[in-house]
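What follows is one structure encoded as structure tokens, with my remarks underneath.
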Amino acid sequence: ADEDRYPGAPAVQVHQVEKGRTFAVGKHQVTPVEVWHNRLQVFGYRIGDFAYLTDMKSIENQEKMRLKGLKVLVVNALRQEPHHSHFNLEEALAFVSEVAPETAYLTHISHRMGFHAEVEASLPTGVHLAYDNLTITL
């Protein structure tokens with residue numbers, strides 16, 4: 001809204017996202033995927049054969065079904081050690097293995113993950129650490 005807006009604050013239009021209800025952004029159909037950030041329900045999104053899921057710790061089986069047939073999955077892997085509200089590396093890799101995308105990128109990575117080149121070399125084929133300015137073409 002423009003009324004009573006602080007000078008310089010952006011004007012936005014709010015669009016309510018509902019679980020299980022696909023919506024359009026331009027020419028793309030976007031499907032919300034419900035995931036859990038500890039006990040907080042959040043959404044990841046599937047756009048065609050691409051899915052973006054960050055800030056997650058768990059996902060229900062029915063929501064995993066929305067992720068079958070992906071070419072590219074972007075998912076969080078915070079660090080090596082367990083965390084209460086994010087996948088660690090082991091959990092993220094197990095999730096990637098279960099969903100079985102052609103390619104996966106791990107994101108939302110902390111400095112505790114380790115050196116990029118060392119971690120990248122330890123990952124399974126088709127799984128990569130994301131990095132600043134990575135571009136993925138849909």
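The values are calculated or read from the model by the stated rules, or taken from the named source; none is laboratory data. Predicted model, so just to flag it, every value in this text is computed and none were measured. We place every Cβ from the backbone using ideal geometry, glycine too, and count neighbours over all the protein chains shown. Surface areas here come from the heavy atoms of the whole protein model, side chains and all, with no ligands, DNA or RNA. Shrake-Rupley method; radii C 1.70, N 1.55, O 1.52, S 1.80 Å.
Numerical summary
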item	result
Region 6-36, subset open to solvent by less than 90 Å² (accessible area, probe 1.4 Å) and in a loop (DSSP other than H, G, I, E, B), residue modelled with the lowest pLDDT	ALA11
Region 75-85, residues that are touching a strand residue (DSSP E or B) at 6+ places or on another chain (Cβ under 7 Å) and surrounded by 21 or more Cβ atoms within 10 Å (Cβ to Cβ)	VAL75, ASN76, ALA77
Residues satisfying the stated conditions in region 50-60, i.e. at pLDDT 95 or above and either among the hydroxyl-bearing types (Ser, Thr, Tyr) or surrounded by 14 or more Cβ atoms within 10 Å (Cβ to Cβ) (or both)	PHE50, ALA51, TYR52, LEU53, MET56, LYS57, SER58, ILE59
From GLU91, GLU63, residue being modelled with pLDDT of 95 or more, under 15 Å from the mean Cα position of the chain (by Cα), under 14 Å from VAL35 (Cβ atoms) and open to solvent by less than 30 Å² (accessible area, probe 1.4 Å)	GLU63
Filtered residues of region 40-49 (kept if open to solvent by 30 Å² or more (accessible area, probe 1.4 Å) and out of contact with any Pro (no Cβ under 7 Å at 6 or more places or on another chain))	LEU40, GLN41, VAL42, ARG46, ILE47, GLY48, ASP49
Single condition VAL42 does not satisfy, out of (1) over 13 Å from the mean Cα position of the chain (by Cα); (2) modelled with pLDDT of 95 or more; (3) among the hydrophobic types (A, V, I, L, M, F, W, C)	(1)
Pairs where the first residue, in region 1-27, is under 13 Å from TYR45 (Cβ atoms) and the second is part of a loop (DSSP other than H, G, I, E, B) and of a type outside the set (Asp, Glu), C-beta under 8 Å, 6+ apart	PHE23/HIS15; PHE23/VAL17
